[in-house]
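Student: This is the structure, below, for whatever I ask next.
None of the figures in this text is laboratory data; all of them are computed from the coordinates on show. The structure displayed is predicted, hence computed values, not measured ones. Ideal geometry is used to build each Cβ from the backbone, glycine not excepted, and the neighbour counts take in all protein chains shown.
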Amino acid sequence: MPELPEVETTRRGIAPLLCGKTVSDVILRTARLRWPIDPELSEHLAGQTLQAVTRRAKYLIFSFPSGTLLLHLGMSGSLRVVPAGLAAGRHDHVDILFSDGNSLRLTDPRKFGAVLWSDGPVADHPLLVRLGPEPFAADFNGRYLHQRSRRRQIAVKTLIMDQKVVVGVGNIYASEALFRAGIRPDRTAGSIAAVRYDRLAEAVRDVLAEAIAAGGTTLQDFQQVDGRPGYFRQKLMVYGRAGEKCRECGGDIQSCRIGQRSTFFCRHCQR
């Protein structure tokens, strides 16, 4: 599914094309994705100028004078800016038309995404209010992770994938960050020393920053806003490489299941 780097890549592609433009209409080809879509969305948006496109966790936030549109790409969703009137495909569920002749098109084959309208403070939205800090925020650091891990018996990989602890660290990037930090993903979170959490927090930021710069990870359905696939997958050190040789030590990459998710690590490089 699209993770934080893919969502941020999408945001950066969309924002300069659409900010400052005025919505002329909204075309809904389905009544619901993960949740129902407001049938009056066109009435809310028509005539409104898009002020900003920001991101909170894996939610894209479209700010308008009268409210906010929250959009989530779900398991397989993608956004593209296309000419208004371009024929829609089977999985093209929502078009937001702008007065300059462009349209923001949401494609979502599995329909696990979300398009939600809110006229209240976006920070208080039920989907956002309990989220942890952003991985690039000043308050996300090793000390914070160490404090949140105390007396926790869960695996450290589960800890950093908890959206109430830190947002946006999905399965791929959790495995990669733990490899860089030299920490086994199945280590009990509460048993890890503060200095190792310093390395982990830095690794999380570095992995995500590099993935954003590379355009995300090409896995299954993700494509960038311009249709080109991301290519961070070429840099993956452990994820999806079970049985292959570790590029650092030459040992075999191992796999296991943690929290029902496939997990990859090197038993020699990670302790």
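Student: Which residues make up the longest stretch of the chain clear of GluC sites (Glu not before Pro) that lie in a DSSP loop with no more than 16 other Cβ atoms within 10 Å, not counting the sites?
Tutor: My reading of the result: 41-243 is the longest stretch.
Student: Only Cα pairs under 8 Å and at least 6 apart count here; give the relative contact order of the chain as a rounded whole percent.
Tutor: Contact order relative to length: 19 percent.
Student: Something else now. Taking the chain as a Gaussian network, Cα atoms linked when under 10 Å apart, which of GLN147, GLN260, GLN51 shows the biggest mean-square fluctuation?
Tutor: In this elastic network of the chain, the residue with the biggest mean-square fluctuation among GLN147, GLN260, GLN51 is GLN260.
Student: A further question on this structure: Show me, for the stretch 42-53, the HN-Hα J-couplings you get by feeding each phi into the Karplus relation (A = 6.51, B = -1.76, C = 1.60, θ = phi - 60°), rounded to Hz, glycine and proline as x.
Tutor: So the J values, rounded to whole Hz, are 4, 5, 5, 9, 4, x, 8, 9, 6, 8, 7, 10.
Student: Please give every one of the lysines within straight-line cross-link reach of LYS245, meaning a C-alpha to C-alpha distance under 26 Å, and leave out same-chain neighbours fewer than 8 residues apart.
Tutor: Here the lysines satisfying the reach criterion relative to LYS245 are LYS157, LYS235.
Student: Also, quick follow-up: Roughly what would the spin-label model give for VAL195 and ALA46, points 7 Å off Cα along C-beta, in nm?
Tutor: 6.5 nm
Student: Here's another thing I want to ask about it. Among all the lysines, which ones have a C-alpha under 24 Å from LYS164's C-alpha, if same-chain residues fewer than 8 places away are not counted?
Tutor: Within reach: LYS58.
Student: While we're looking at this one, here's another question. Any number yet on Rg/Rh for the stretch 1-146, C-alpha, Kirkwood?
Tutor: 0.97
Student: Moving on. Per DSSP H run of at least 4 residues, take -39500 (n - 2.57); add these up for the chain, divide by its residues and hand me the 222 nm value, nearest 500 deg cm²/dmol.
Tutor: Theoretical 222 nm ellipticity from helices: -7000 deg cm²/dmol.
Student: Enumerate the helices in the chain for which the Kyte-Doolittle hydropathy averages -1.0 or more and the C-alpha atoms extend at least 20 Å along the helix's axis, using complete DSSP H runs.
Tutor: The answer, listed by residue number, is 4-18, 194-214.
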